[in-house]
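J.: I'd like to ask you about the structure that follows.
No value in this document is a laboratory result; all are computed from the given coordinates. Quick caveat: nothing in here was measured; it's all calculated off a predicted structure. Backbone-built Cβ (ideal geometry, glycine too); neighbour counts: all protein chains shown.
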Amino acid sequence: MKAGDNPVEGANAVRERDLTGRSLGPIVSSQHLAAGTSPGLSEMEYGVILISHAFSRWMVRCMTAAGQSSLSPIEILILHSIRHRSRPKTLADVCLALDIGDTHVANYAIRKLEKAGLIHTGRAGKEKTVRISDAGLELCDRYAEIRNELLLRGMSDAGPSQEELSRIASVLRFLSGSYDQASRAAATV
């Protein structure tokens with residue numbers, strides 16, 4: 001991507017002034033939250049809201065195209081997490097990797113994935129383990145093919161570079177920690 005081609009910089013330029021020259025301010029979902037000392041944070045939060053919903057829609061539609069139309073976004077995330085590195089995982093492993101606080105949600109998803117024949121359950125001592133089944137492996141591979149064809153190919157020419165995506169991911173993980181810390185503090189107020 002050449003200098004001046006950054007779509008984020010372009011969006012900022014458009015955001016600053018409308019056609020009449022009036023300032024538009026940050027693009028946010030809640031102006032009252034942007035009125036404080038960090039309108040950029042409110043703008044980022046709105047972006048996270050939009051990408052979260054778009055990503056959820058994408059996962060469901062990609063999985064449907066791959067041949068499995070009955071899975072929710074959390075079930076798809078859990079299936080891919082179980083597929084990761086092709087080794088058995090415990091419920092705690094899955095919840096930790098995906099930052100799922102409600103183990104009941106993950107347990108329900110695991111039961112549904114097992115019933116669909118996409119994973120197998122087992123035991124390691126007293127702990128229940130899960131691992132990908134052949135059908136689950138094939139489904140995840142088909143999902144990856146469709147993702148490469150429809151999503152990655154469309155992003156390769158106009159989207160951010162792999163280095164930029166890695167940097168964005170790093171910032172998002174940092175922000176996740178900040179929000180987790182703030183939520184713990186809010187729980188004590």
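J.: So how many Lys-Lys pairs in the chain land under 30 Å Cα to Cα, not counting same-chain pairs under 8 apart?
T.: Details: 89/112; 89/115; 89/126; 89/128; 112/126; 112/128; 115/126; 115/128.
Counting lysine pairs in the chain gives 8.
J.: Between residue 119 and residues 5 or more places away or on another chain, which pairs have amide H atoms under 5 Å apart, with H built 1.01 Å from N, and which residues are they?
T.: Amide H neighbours of residue 119: 114, 133.
J.: Short version: ³J(HN,Hα) in whole Hz for each residue of segment 79-88, in order, from phi by Karplus 6.51 cos²θ - 1.76 cosθ + 1.60 (θ = phi - 60°), x for Gly and Pro, what are they?
T.: After applying 6.51 cos²θ - 1.76 cosθ + 1.60, I find 4, 5, 5, 5, 5, 3, 6, 6, 10, x Hz.
J.: Kindly write out, for segment 110-127 in residue order, the coupling ³J(HN,Hα) from the Karplus curve 6.51 cos²θ - 1.76 cosθ + 1.60 (θ = phi - 60°), rounded to whole Hz, with x marking Gly and Pro.
T.: Residue by residue, segment 110-127 yields 5, 4, 5, 5, 5, 4, 7, x, 8, 9, 10, 10, x, 9, 10, x, 8, 8 Hz.
J.: Using modelled backbone amide H atoms (1.01 Å from N, in-plane), which distant-in-sequence or interchain residues come within less than 5 Å of residue 129's amide H?
T.: It is 122, 123, 124, by chain and number.
J.: Among 76, 51, 146, determine the one that fluctuates most according to a GNM of the chain built with springs between C-alpha atoms less than 10 Å apart.
T.: 51
J.: Identify which of 116, 35, 158 has the largest mean-square fluctuation in a Gaussian network model of the chain, with springs joining Cα atoms closer than 10 Å.
T.: Of 116, 35, 158, the most mobile in the Gaussian network model is 35.
J.: Quick one: 130, 94, fewest Cβ neighbours within 10 Å first, how do they rank? Walk me through the numbers on the way to the answer.
T.: Values: 130 25, 94 21.
Fewest-to-most ranking of 130, 94: 94, 130.
J.: Between [x] 42, 32, 32; [y] 64, 47, 28; [z] 61, 37, 30, which matches Cα extents along the principal axes in Å calculated for the structure shown?
T.: [y]
J.: Using the alpha-carbon atoms, what tilt in degrees (0 to 90, nearest 10) does helix 39-66 show relative to the longest principal axis of the chain?
T.: For helix 39-66, the angle is close to 40 degrees.
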